[in-house]
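Input: a single structure, listed below in structure tokens.
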Amino acid sequence: MLRPTEYPDSNTQVQENKNAKFTDNLERTSIDCRVLVVHHHPATLRMMAAMFRKLGYKAAAAFDSTKAFLYFSRVPCDLLFTDLEMPVLNGYHLARLIKQHHPHAKVVAMTGRCQAEVVGLMGDGTIDGWLFKPFKPKQIRDTLAEVGLPVVNNTR
């Protein structure tokens, strides 16, 4: 079982992907809710941001947690949707930083770990909702509803 202070961080440098630092695609959608998606794998990042747009949200994407924090500081969002396993600053620590500066923001973390491995992170209120990979758009919508965000009643 991992506890917040025991969560392993990577000491590797972030590899810059100049085409994927962050994208701001907050076009008009059916739900007035800003989402910042954070993932260090560009293909997963694009897919998750597209999934949020398909669900009707205004979605921006950040390639790494440092850029995500800088973006969130400039453009406060309603939801931080982050991968737990991130280089340099993991998703849990990013969530803590976001909550310190934006306490009303919701945070949903996705992880490939099993629930037993992250149970020590689950009860402190830093992360409002959890998704365990693999998951489907309906599971995202259900998790967002559970944390109090607006949802559309279909998964398009």
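The values are calculated or read from the model by the stated rules, or taken from the named source; none is laboratory data. For clarity, every value in this text was computed on a predicted model and none was experimentally measured. All Cβ positions, glycine included, derive from the backbone under ideal geometry; neighbour counts span all protein chains shown.
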Task: Residue among Val151, Val119, Val147 that alone is within 15 Å of the chain's Cα centre (by Cα), farther than 15 Å from Val37 by Cα and touching a residue at least 40 places away in the same chain (Cβ under 8 Å) - done: Val147
Open item on the list: Suppose we filter region 53-93 for residues that are in contact with a Lys or Arg (Cβ under 8 Å, 6 or more places away or on another chain), buried (at least 17 other Cβ atoms within 10 Å of the Cβ) and under 13 Å from Cys33 (Cβ atoms); how many remain?
Closed with: 10
- [ ] Tell me which of these Met110 doesn't satisfy, since it passes every other one: (1) out of contact with any Lys or Arg (no Cβ under 7 Å at 6 or more places or on another chain); (2) assigned to a strand (DSSP E or B).
- [x] (1)
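So, of the residues in region 122-141 that are in contact (Cβ under 8 Å) with a residue 60 or more places away in the chain and under 19 Å from Gln100 (Cβ atoms), which turns out to be farthest from the chain's Cα centre (by Cα)?
Result: Asp124.
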Task: Number of the condition not met by Leu131 [criteria: (1) modelled with pLDDT of 95 or more; (2) crowded, with 20+ Cβ neighbours inside 10 Å; (3) not acidic (Asp, Glu)] - done: (2)
